[in-house]
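For reference, the structure is listed below as structure tokens.
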């Protein structure tokens, strides 16, 4: 019985340790940071580096006329344009912006990340393809959900 338990624990530990490396953790965090920092400094190339070409970013919104909530979607193309133009004057973020990246779950090729920025929270799925970690899904909300109205 001891041997079965030892073998099971060894197998589980080996799988867990081989599922991610320290470099993977750094690269996942960097993808999330590239996503937010590209907006801080208006850097479209940095945003493009962070995102998978088929990334979709979603949030809930409220239609002012009907009062009904719905899902808004944003694409990679739009996020690259946003990074290029949103903060061009440097007045959209605090001097020292908040950017807290938390790795929630990491596997060999996928990761779930929570990014807490100044006014919002982003939950991200990040995928490793051809050796590079890219943001593939984002679900976000303002800290104050009334801003979604």
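The values are calculated or read from the model by the stated rules, or taken from the named source; none is laboratory data. The structure displayed is predicted, hence computed values, not measured ones. Positions of Cβ are backbone-derived with ideal geometry, glycine not excepted, and every protein chain shown enters the neighbour counts.
Annotation note: of 78, 70, 86, the sole residue that is in contact (Cβ under 8 Å) with a residue 12 or more places away in the chain and either surrounded by fewer than 14 Cβ atoms within 10 Å (Cβ to Cβ) or out of contact with any strand residue (DSSP E or B) (no Cβ under 9 Å at 6 or more places or on another chain) (or both) is 86. Pairs meeting the criteria (first residue in segment 48-67 and farther than 10 Å from residue 134 by Cβ, second residue assigned to a loop (DSSP other than H, G, I, E, B), beta carbons under 6 Å, at least 6 apart or on different chains) are 62/149.
Per the listing 126, 121, the residue uniquely crowded, with 17+ Cβ neighbours inside 10 Å, in a strand (DSSP E or B) and at pLDDT 95 or above is 126.
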